[in-house]
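Each reported figure results from applying straightforward, stated rules to the coordinates on display, with no laboratory input. On a predicted model such as this, the values are computed, not experimentally measured, just so you know. Using ideal geometry, Cβ is built from the backbone for each residue, glycine included, and neighbour counts are taken over all protein chains shown.
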Amino acid sequence: MNDRLLIFIGPPGSGKGTQSKLLCKNKEMLSISTGDILRKEVTDETNIGKRVSSKMKNGQLVSDDLINELFYKHFELEYKKNKYGIIADGYPRTLNQAKYLDSLSKDFGIDIRVCVFLCKEEVLVKRLQLRKRQDDEIAIIIKRLKDYYNFIAPVIKYYGNKINEVDVNDDPENIYNRIISFLN
Ligand code: AMP
């Protein structure tokens, strides 16, 4: 169980963070959210935070090299502590990141499962507008969604039959049950 890495792939607003919190609480999994890590770097005004803050504000992806390095650092820490598996929330988001993660998972002997969240665009826009984060302004939301689909298409193709699709046009409890049913 501890050698399991569950990847959450889904557009902004599809509920990856909510589901990952539920799994951490109920199943004692540990989660690594690259978005949360970066937001903390920005709040703490670190060098990394200063480098990424305008990109994040404008809804652009930060560089693969930087995000791979950050993910590795956090993964190594969480891997030592985890008993019931790790969730990667919002990572990988590009083909380069997916390839990097593949080599990392081989080094650690960890098994990858991929969960792709499928959601209607109007549902996403509505949810994001309620969140009131700096990058949740309508023009930025539309850009982030467009970029998401462009960058994620080759990642989804890359993972092929490792993918489990989850319909997330629903309330969190039903979505959670769908995820649990394929984890078991
Ligand atoms: P999120 O909270 O996952 O929506 O991420 C917020 C922002 O952090 C994104 O719009 C990107 O600027 C940056 N970010 C988070 N994860 C990644 C990633 N895997 N690759 C590149 N940029 C990322």
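If you take the charge dipole of the range 86-141 about its Cα centre, with +1 on Lys and Arg Cβ and -1 on Asp and Glu Cβ, which of 128, 88, 118 is farthest toward its positive end?
Going by the charge dipole, the pick is 128.
State, as an integer percentage, the relative contact order of the range 4-183 based on alpha-carbon contacts under 8 Å between residues 6 or more apart. Don't jump to the answer; show the numbers that get you there.
Details: 237 pairs, mean separation 62.8, N = 180.
Rounded, it is 35 percent for the range 4-183.
The range 47-124 to the range 126-184: how many Å between their Cα centroids?
One Cα centre to the other: 14 Å.
Considering just Cα atoms, how many Å³ per residue does the convex hull of the chain enclose?
It comes to 114 Å³ per residue, whole-number rounded.
Can you work out ³J(HN,Hα) from phi for every residue in the range 3-8, in order, using Karplus 6.51 cos²θ - 1.76 cosθ + 1.60 and θ = phi - 60°, giving whole Hz and x for Gly and Pro?
Ordered by residue, 3J(HN,Hα) equals 9, 10, 10, 9, 9, 9 Hz.
On full extension of the chain, what length is gained from residue 142 through residue 28, given 0.36 nm per residue of separation minus the C-alpha to C-alpha distance? List each step's numbers first, then the result.
On the way: separation 114, 0.36 × 114 = 41.04 nm, distance 3.43 nm.
The residue 142-residue 28 span can extend by a further 37.6 nm.
What list of ³J(HN,Hα) values in whole Hz, one per residue of the range 154-164 in order, does the Karplus curve 6.51 cos²θ - 1.76 cosθ + 1.60 (θ = phi - 60°) give from phi, with Gly and Pro shown as x?
x, 5, 5, 5, 4, 6, x, 7, 7, 8, 10
Can you list residues whose amide H is under 5 Å from residue 33's amide H, if they're 5+ apart or on another chain and H is modeled 1.01 Å from N?
Amide H to amide H, under 5 Å and 5 or more residues apart or across chains, residue 33 pairs with 89.
Give me the one-decimal nm value for the distance between modelled label points at residue 44 and residue 118, 7 Å along each residue's Cα-to-Cβ direction.
3.9
Give a residue-ordered list of calculated ³J(HN,Hα) values for the range 92-100 (Karplus: 6.51 cos²θ - 1.76 cosθ + 1.60, θ = phi - 60°; whole Hz; x for Gly, Pro).
3J(HN,Hα) across the range 92-100, in whole Hz: x, 10, 9, 4, 4, 5, 5, 5, 4.
What is the magnitude of the charge dipole of the chain about its Cα centre, with +1 placed on the Cβ of each Lys and Arg, -1 on the Cβ of each Asp and Glu, and no other charges, expressed in debye to the nearest 20?
Computed about the Cα centre, the dipole is about 180 debye.
Rounded, prolate or oblate: pick one for the range 68-175, where a ≥ b ≥ c are the square roots of the eigenvalues of its C-alpha gyration tensor, a/c under 1.5 means rounded, and failing that, prolate if a/b is larger than b/c, else oblate.
Because a/c hits 1.5 or more and a/b exceeds b/c, the range 68-175 counts as prolate.
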